[in-house]
Amino acid sequence: MTDNPPSTMPKIPPRTVFETPTDSFDRHHPLASAGEVTVGSASERGSVADFVVDIPNRVRLTLEDVPANVDGLKQLMTRGCWRSTIKLVDKMLDHETKYPHDAIALRFCKIVAHMQMKQYKAASDELDVIGDFDALKNSYETYPQHYPNIKGSMVPFSLRITKAELAYFLKTDASLDLFYQLLAFCRNEITHLKTHGHKLAENYITDPSIIDAVTSLPSPSSSHFRKSAAGSITTSASEDPLRGPYTESLELWTQRETKIIFTIITRFIQEREFPLAIQLLQEQVTKHPTDPNLLSSLGRLYLQMGSVKSAIVAFKAVETLISDPDSPLVHMNSGYISLASDQFTTAIQHFQAVIEKNPKDLAATNNKAICLLYTCDLSGAIATLEDLIKKDPEESLHEVIVFNLCTLYDLKSDNNADKKKAVMSVAAKFAPDSFDFSVLKL
Amino acid sequence: VEMATKVAESKEAQSLTLKVMRLAKPSFQVSLPVLSESTDLPGILPLEQPSSLEALGISEFLTLPHNFGTIFLGETFTSYLSLHNHSLYDVKDVTLKAELQTTNLKACLLEIASGAPIATFRSGDSQDYVVHHQVKESGIHILVCTVNYSKHDGEKKFFRKYFKFQVAVPLTVKTQIHDLQQGIFLEASVSNVTVPPTPLFIDQVKIEPLPIFNIVDLNNNGNALSPISEEISNSNLRTSMDREKFLENSTAYIKGGDTRLYLFRFDPKNPQQKNVGVLGRLEVSWRSQLGDAGKITSAPIERKLVNQSELDLIPKEIPKEIRLEMPFTLACIFADLKQSSITLRMS
């Protein structure tokens with residue numbers, strides 16, 4: 001018994017355009033089922049900026065409040081007072097610094113401050129003042145009176161990464177070539193250390209921050225050791241006799257290599273080149289298979305891309321590594337999977353479990369608030385974030401948290417300007433100088 | 001986020017406001033931290049996004065969407081509706097209706113009708129709803145929300161809000177049927193035609209065949225294995241992860257503008273019944289950011305029928321092992337599709 005073929009032979013359409021089978025709609029589809037309806041919080045009258053009233057006042061740290069030395073500088077940088085950092089560095093540079101490498105170290109702080117403030121042109125200008133990293137004026141051997149036994153560039157390695165990043169921000173070179181060059185350089189160093197490292201003498205004090213080989217010389221100099229330079233304001237030699245120079249060097253260069261790879265991966269993620277990012281991150285996981293945080297990042301990356309199944313497997317591997325089903329990391333990861341599977345209440349439970357173990361965990365609280373929105377609890381979501389800011393204004397003023405809160409305010413009502421202004425005032429007092437106030441969407 | 005609105009009446013006259021926001025899935029906040037080493041003067045900088053992995057910018061923080069985003073045919077449109085009494089007085093008998101309209105269809109997403117309205121809506125209160133709807137058409141969609149209520153003095157009020165958005169087609173599929181001796185093969189090419197180009201993670205491509213067919217999926221469970229996956233499978237990771245599952249779906253990813261090919265074979269359950277015009281439907285399901293799912297089904301896949309010969313000899317059974325110079329039995333079916341009867345003779 002065969003099916004009846006159609007009486008006319010239809011020509012095969014070369015392209016199957018998508019259509020979906022039409023449904024008959026149930027016109028009285030009751031979607032306001034229990035669980036999706038919440039009555040909002042009681043009266044919205046009364047003080048609109050209630051939650052900020054209890055936040056203690058705080059005066060921002062300025063130039064005048066700190067000593068005009070390295071300690072003062074560190075205080076400013078720890079508190080994110082980048083504007084004052086720039087001013088203090090300028091003030092300190094006005095006085096002659098005895099050691100040339102100190103001047104570079106100070107300028108590095110200024111560049112970091114500019115980068116934090118997204119003032120890329122200014123950062124680039126400072127780099128120009130330093131000039132060529134490997135030029136003689138920036139090398140230790142040019143100043144034998146200060147550094148009798150050291151060779152190499154005085155420029156901190158982090159600045160090389162920053163320089164590569166600036167090329168991207170200023171759009172002079174959007175490619176990753178500079179990063180790959182740095183990467184090749186690191187790997188060169190590592191290979192060099194592994195082959196010749198055992199020959200390094202043991203009776204020198206080393207300061208890893210000075211083990212910066214010269215890039216363009218044919219054979220990187222291996223005598224990177226120094227005795228501590230008395231009177232230098234910035235350096236502090238590590239004198240741990242158990243750690244030889246070789247171990248420290250190798251560790252340092254491996255860390256740098258990893259850092260550069262992570263920067264490249266982040267760039268791929270920002271540009272949504274997910275397969276490339278995944279490939280690189282998987283390689284890192286292969287190198288460090290017992291790092292649960294690394295595996296968790298891989299899981300998050302899979303989720304960002306949309307591959308829920310692979311994320312589940314990565315997170316399972318984390319569980320096996322940690323072997324504590326109740327650990328905060330495991331709960332965070334489970335929270336993400338629940339969210340991706342539309343199980344918002346379960347997700348909230350997981351994030352709550354993290355909060356119970358680490359009440360100060362900002363990410364867990366933020367994520368819980370977001371899930372509350374998806375369970376139709378706008379008021380709960382807002383209260384969670386307001387509470388977070390109120391309890392810990394010093395730490396909690398991240399742009400993403402403020403952005404989420406202001407988005408929730410926009411959904412709540414049109415009369416939210418007062419609330420946003422209240423948040424803005426808290427941010428003005430407590431957030432670092434780098435805080436981008438546009439997230440408030442005022 | 002907030003969708004463009006056209007308000008029917010001025011707001012001052014109204015006691016209630018309705019705010020609507022699309023609830024696409026959140027995403028992980030990505031940032032590029034400024035780097036410094038512990039021995040540098042700044043020390044390890046207080047990171048903007050707390051993470052134990054300095055420099056890896058995929059943080060643990062989720063962020064709400066920055067804009068409405070794009071929505072594709074086959075995805076689910078989810079939206080938050082918040083009704084709020086911003087006046088000083090209570091209102092009564094509130095009804096709310098939310099409908100999604102296209103040129104062809106009208107779908108009711110939510111109805112609080114006059115039969116069972118919200119009797120009293122206090123001053124300052126809010127009433128929230130979340131609505132879902134799987135989008136079945138491309139093109140312009142309009143979410144129409146109508147609110148009716150009575151003010152404290154008995155005056156009846158109403159307003160209507162319109163939210164317009166576009167639904168785009170994310171994928172197109174071309175099929176080619178190869179009717180070969182070895183079987184009926186279907187070659188499907190799936191193209192990501194999103195504008196702006198958005199990568200889609202293909203969850204599954206499968207065939208819903210007519211019941212007379214079995215489908216054989218010839219696609220390595222839907223994916224090609226990448227070399228890196230092979231490398232990982234050989235490392236320690238294998239002991240803590242199930243190898244098969246980790247590799248599965250790790251590369252089924254179509255970037256905007258790219259195309260992937262899939263191959264299927266139709267095996268008729270009954271060899272005589274393979275001559276049909278319609279084979280079945282192709283179903284493609286995908287995921288984007290944090291699991292936002294979409295699914296589309298194709299029109300029935302048709303094929304040109306071959307002029308079938310009137311007589312057919314189909315082998316049915318053959319022994320597994322045949323020895324030289326020893327007789328064996330071959331069972332055959334002789335099919336006669338002519339109407340007239342015939343006599344068989346073997347030679």
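The solvent-accessible area of A:Leu252, taken with every protein chain present and a 1.4 Å probe, is close to 20 Å².
Computed from backbone phi, the HN-Hα couplings of the range B:171-182 come to 9, 10, 10, 10, 10, 9, 10, 10, 8, 10, 5, 6 Hz, rounded to whole numbers (Karplus: 6.51 cos²θ - 1.76 cosθ + 1.60, θ = phi - 60°; Gly and Pro given as x).
Work out the FRET efficiency for B:Leu324 and B:Leu180 from their Cβ-Cβ distance, taking R0 = 41 Å, and round it to the nearest 0.05.
On the way: r = 31 Å, r/R0 = 0.75.
Working from the Cβ atoms, E equals 0.85.
For the residues of B:280-288, the average number of beta carbons from a partner chain within 10 Å of their own beta carbon is 2.
Take the alpha carbon gyration tensor of the range A:249-305, find the square roots of its eigenvalues, order them as a ≥ b ≥ c, and report rounded if a/c is under 1.5; if not, report prolate when a/b exceeds b/c, else oblate. Show your work: numbers first, answer last.
Values: a/c = 2.58, a/b = 1.46, b/c = 1.76.
Oblate, because a/c is 1.5 or more while a/b does not exceed b/c.
Here the scattering of the range A:338-442 is modelled by Debye summation over its C-alpha atoms, one equal scatterer each and no solvent; at q = 0.17, 0.18, 0.21 Å⁻¹ the log10 of I(q)/I(0) is -0.77, -0.85, -1.09.
What average number of partner chain Cβ atoms lie no more than 10 Å from the Cβ of the residues making up B:124-136?
Details: counts 7, 6, 9, 5, 14, 7, 13, 4, 3, 3, 2, 1, 6.
Mean inter-chain Cβ contacts per residue within 10 Å come to 6.
Taking label points 7 Å from Cα along the Cα-to-Cβ direction, A:Glu394 and A:Tyr120 give a separation of 3.4 nm. Residues of the range B:70-87 with an amide N closer than 20 Å to a point placed 7 Å from the Cα of A:Asp410 along the Cα-to-Cβ direction: B:70-72, B:77-84.
Bridgeable lysines around B:Lys92 (alpha carbons under 22 Å apart, same-chain partners fewer than 8 residues away excluded): A:Lys412, B:Lys11, B:Lys19, B:Lys151, B:Lys156, B:Lys157, B:Lys161. Computed from the C-beta positions of A:Ser341 and A:Val59, the FRET efficiency with R₀ = 56 Å rounds to 0.75.
Computed over the range B:94-208, relative contact order equals 20 percent, with contacts defined as Cα pairs under 8 Å that lie 6+ residues apart.
Full extension from B:Tyr162 to B:Asp267: what is 0.36 nm times the residue separation minus their Cα-Cα distance, to one decimal in nm? Before the final figure, lay out the partial values.
Values: separation 105, 0.36 × 105 = 37.80 nm, distance 5.06 nm.
Extending this stretch completely gives an extra 32.7 nm.
Note that the range A:377-394 has calculated 3J(HN,Hα) couplings of 10, 4, 4, x, 5, 4, 4, 4, 6, 4, 4, 4, 5, 5, 6, 8, x, 4 Hz, one per residue in order, obtained from phi through the Karplus relation 6.51 cos²θ - 1.76 cosθ + 1.60 (θ = phi - 60°); glycine and proline are x.
Cross-link reach is defined here as a Cα-Cα straight distance under 21 Å, omitting same-chain residues fewer than 8 places apart; for B:Lys295 the lysines meeting it are A:Lys309, B:Lys25, B:Lys106, B:Lys136, B:Lys174, B:Lys206, B:Lys255.
Over the range A:320-428, what is the mean sequence separation of C-alpha contacts under 8 Å (at least six apart), divided by residue count, expressed as relative contact order in percent?
On the way: 97 pairs, mean separation 18.1, N = 109.
Relative contact order, the range A:320-428: 17 percent.
Just to verify a number: FRET efficiency for B:Thr103 and B:Asp217, C-beta to C-beta distance, R0 = 35 Å, to 0.05? Result of the calculation: an efficiency of 0.40.
Length, then width, then depth: along the principal axes, the Cα atoms of the range B:161-212 run 58, 25, 18 Å. Each 10 Å bin from zero holds the following percent of Cα-Cα pairs in the range A:297-398: 17, 44, 32, 8.
Each part reduced to its alpha carbon centroid, the range A:366-406 and the range A:327-355 end up 16 Å apart. A Cβ-based charge dipole, computed about the Cα centre of the range A:75-119 with Lys and Arg at +1 and Asp and Glu at -1, lands at about 240 debye. Rounded to whole numbers, the Karplus 3J(HN,Hα) couplings from phi for the range A:269-278 are 5, 4, 8, 6, 8, 5, x, 5, 4, 4 Hz, using 6.51 cos²θ - 1.76 cosθ + 1.60 with θ = phi - 60°, and x at Gly and Pro. Rolling a 1.4 Å probe over the protein heavy atoms leaves B:Lys92 with an accessible area of roughly 100 Å².
Solvent-accessible area of B:Glu302, all protein chains in place: 60 Å² (probe radius 1.4 Å, heavy atoms, ligands and nucleic acids excluded).
Per residue, the convex hull spanned by the alpha carbons of the range B:87-216 comes to 192 Å³.
Output the relative contact order of the range A:58-103, whole-number percent, from Cα pairs under 8 angstrom with separation of 6+ residues.
Values: 29 pairs, mean separation 15.1, N = 46.
After rounding, I find 33 percent.
The Cα center of the range A:249-300 and the Cα center of the range A:72-150 differ in position by 29 Å. Computed over the range B:83-152, the convex hull of the alpha-carbon atoms projects to a mean area of 5.3 nm².
The values are calculated or read from the model by the stated rules, or taken from the named source; none is laboratory data. None of these values were measured; they are calculated from a predicted model. Every residue, glycine among them, receives a Cβ derived from its backbone with ideal geometry; neighbour counts consider all protein chains shown. Heads up: the accessible areas ignore ligands, DNA and RNA and are worked out on the full protein's heavy atoms, side chains in. Shrake-Rupley method; radii C 1.70, N 1.55, O 1.52, S 1.80 Å.
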